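A quick write-up on the structure given underneath.
Read the figures in this text as sums done on the coordinates, not as results from a lab. These numbers were taken from a predicted model, which means no experiment stands behind them. Every residue, glycine as well, gets a Cβ built from its backbone with ideal geometry; the counts of neighbours run over all protein chains shown.
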Amino acid sequence: MACARPSGASKLRPAVSPRPLRALFLLALAASALALAGCGNKVHVRTLAETEGIYIDVGELKYQVQLSRIINPSDEEDRNYLAGLPAGTAPPKSDEAWFGVWMRVENTTDDKTLEAADEFEIVDTQEHTFTPIELEDNPFAYEPQEVTPHKVVPSPNSPAGEGVIQGSLILFKVTTEALANRPLEFKIQSPALPDDVGIVDLDI
């Protein structure tokens, strides 16, 4: 009588070893994870903020609006913020107000010295646009400057950095009508890439 083929003999001769297949599967999973991680990094580049206190990316620098509010010339603290107005600057009319935006800038790169922005706008919902008024010799005022790696503007040792707000003042004169046309957009333009603009909705 012919000998029968041992039971399960065909299972002893797989066409392809399962170990290489498992290795290939794990390699594909790893490649997918790396691709997803790369996409995740792009999500972290933020150019729009719906509220203050959020860092946005403009160029290679990070900008954060610490606070925005009306400045009252009759208030003792606020008078310090208005020091250094250019000669001949007219005070706000009855339908206008001083308005301040306090901002912080950070360079998170390891080896690049970068120029901070020097062009800003406030735009209301009716497309009325307001530009800053430069202050002279005011220790709280924002000054465009080069920011070295891992440095912050204002410096923690400066009057602006040591203050409660911990941001540099950008002063505007806006209409009371614009203050009612909320949200106001604060726009920051990159000095190196003019088309690179960050926008923060101001909390007023």
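Quick notes on this one:
- For region 71-117 and region 143-190, distance of Cα centres in Å: 7
- Within region 104-185, trypsin sites (Lys or Arg not before Pro) in DSSP loop having at most 12 other beta-carbon neighbours inside 10 Å: K112
- Of the chymotrypsin sites (Phe, Trp or Tyr not before Pro) found in region 109-204, no site is in coil according to DSSP while having at most 12 other Cβ atoms within 10 Å of its Cβ.
- Convex hull per residue volume in Å³, alpha carbons only, for region 48-201: 112
- Taking the fewest neighbouring Cβ atoms within 10 Å as the starting point, the ordered list for S168, S190 is S190, S168.
- The GluC sites (Glu not before Pro) of region 101-164 that meet both conditions, a loop assignment by DSSP and at most 10 other Cβ atoms within 10 Å of the site Cβ, are E127, E136.
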